[in-house]
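Undergrad: Structure incoming, see below.
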Ligand code: SF4
């Protein structure tokens, strides 16, 4: 099943925020008369993930995209706002067991696989824990089927993770994630630790599995070129906030937020069209002391006095939702449409 614009949401994130206490130890604070310090890693983020689609969250390191992923799967609790899965608030008592429908794939497959376990036991663990098979024969058959689904052979189940290449280890991670029969996979930079040639194979595998099993993906990446191959919609994050969310085609053809434009202009020109690549300029501000108004204003070529004092709220411009005071003017055709990278 692939998503359509009318697909109902499977995941709804509403006004979610997450603070981390980064204060110095209590005794230091007392001696130095220093206050507690809270770092707001995610600030008032709202979006939906529709059934059967791939929503990508992109942004530079430290923008909060991985924190959003961890908030959704329950590794962190939100400081404000709520996360709904299949219409149920995940903080409510009715949500017990609902998280079984979601699994996470991590960036470093070697770190996320137990090196002392054979692959068959790694893949079988969720089946056993969740009681998804009637006996050990059924577990073994299911493990063999999962290994085949991800492009390995059942005999690979006898080996240990160190006997595989990076790409094969990520295939094992995917098999383990699928073994609990999830509807929703959160993929946190699943290919960024892999060679470029292997990245394409893993992305193709993920797309193929999505079509065959009707999966829904949240895909976290700092790499817009990778995102352009897999995403149906793209959300762009900057300093903990979602600054633009749009259909992938619209976002790559006509980005509205100046930050999205900066990220797209930095993608290498693989089509050799002669367009110059512009490296991302400036630095992400200190999240402990974020800029006033629009957090992007110190790096924005269009910033004015209003941007320095008033925080822009996300508003629809056509089918895109964007948080920028001048997005409407920027979307007014004053920039040539570009091809997808
Ligand atoms: Fe730039 Fe102002 Fe838009 Fe922020 S609100 S992105 S500073 S133009």
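Undergrad: Being touching a strand residue (DSSP E or B) at 6+ places or on another chain (Cβ under 6 Å) and either buried (at least 19 other Cβ atoms within 10 Å of the Cβ) or closer than 17 Å to residue 183 by Cα (or both) is the requirement here; does residue 202 meet it? Show your work before the answer.
TA: Values: touching a strand residue (DSSP E or B) at 6+ places or on another chain (Cβ under 6 Å): no; either buried (at least 19 other Cβ atoms within 10 Å of the Cβ) or closer than 17 Å to residue 183 by Cα (or both): yes.
No, not satisfied.
Undergrad: Can you tell me which of 142, 169, 116 is free of Cβ contacts under 8 Å to residues at least 60 places away in the same chain, assigned to a helix (DSSP H, G or I) and out of contact with any strand residue (DSSP E or B) (no Cβ under 9 Å at 6 or more places or on another chain)? So that I can check it myself, show each step before the final result.
TA: Values: 169 fails: free of Cβ contacts under 8 Å to residues at least 60 places away in the same chain; 116 fails: assigned to a helix (DSSP H, G or I).
Result of the check over 142, 169, 116: 142.
Undergrad: Please go through the range 94-119 and pick out each residue that is farther than 14 Å from residue 190 by Cβ and either under 23 Å from the mean Cα position of the chain (by Cα) or modelled with pLDDT under 85 (or both).
TA: Selection gives 94, 95, 96, 97, 98, 99, 100, 101, 102.
Undergrad: Name the pairs whose Cβ atoms lie under 7 Å apart, with the first residue in the range 306-329 and closer than 12 Å to residue 254 by Cα and in contact (Cβ under 8 Å) with a residue 24 or more places away in the chain, the second assigned to a strand (DSSP E or B) and more than 9 Å from the ligand (Cβ to nearest atom), and 6 or more positions between them or separate chains?
TA: Sorted first by the residue in the range 306-329, then by its partner, the pairs are 319/246; 319/247; 320/244; 320/246; 327/317.
Undergrad: Could you tell me whether the range 56-69 includes any residue that is buried (at least 21 other Cβ atoms within 10 Å of the Cβ), in contact (Cβ under 8 Å) with a residue 24 or more places away in the chain, assigned to a loop (DSSP other than H, G, I, E, B) and in contact with a helix residue (DSSP H, G or I) (Cβ under 7 Å, 6 or more places away or on another chain)?
TA: Scanning the range 56-69 turns up at least one residue that is buried (at least 21 other Cβ atoms within 10 Å of the Cβ), in contact (Cβ under 8 Å) with a residue 24 or more places away in the chain, assigned to a loop (DSSP other than H, G, I, E, B) and in contact with a helix residue (DSSP H, G or I) (Cβ under 7 Å, 6 or more places away or on another chain).
Undergrad: Considering only the range 92-104, I want to know if a residue exists there that is in a loop (DSSP other than H, G, I, E, B), loosely packed, with under 13 Cβ neighbours inside 10 Å and in contact (Cβ under 8 Å) with a residue 12 or more places away in the chain.
TA: No.
Undergrad: May I pose another question? Quick check: is even one residue across the range 150-168 within 21 Å of residue 72 (Cα to Cα) and surrounded by fewer than 22 Cβ atoms within 10 Å (Cβ to Cβ)?
TA: No, the conditions are met nowhere in the range 150-168.
Undergrad: Take residue 257 and decide whether it is near the ligand (Cβ under 8 Å from one of its atoms), in contact with a strand residue (DSSP E or B) (Cβ under 6 Å, 6 or more places away or on another chain) and modelled with pLDDT of 70 or more.
TA: Yes: the conditions hold for residue 257.
Undergrad: Taking the range 296-322, which residues are in contact with a strand residue (DSSP E or B) (Cβ under 6 Å, 6 or more places away or on another chain) and within 9 Å of the ligand (Cβ to nearest atom)?
TA: 296, 322
Undergrad: Regarding residue 327, is this residue at pLDDT below 90 and within 9 Å of the ligand (Cβ to nearest atom)?
TA: yes
Undergrad: Taking the range 228-247, which residues are surrounded by fewer than 24 Cβ atoms within 10 Å (Cβ to Cβ), touching a strand residue (DSSP E or B) at 6+ places or on another chain (Cβ under 9 Å) and over 30 Å from residue 292 (Cα atoms)?
TA: 228, 230, 232
The values are calculated or read from the model by the stated rules, or taken from the named source; none is laboratory data. No experiment lies behind these values; they were computed from the predicted model shown. No Cβ is skipped: glycine too gets one built from the backbone with ideal geometry, and neighbour counts run over all protein chains shown.
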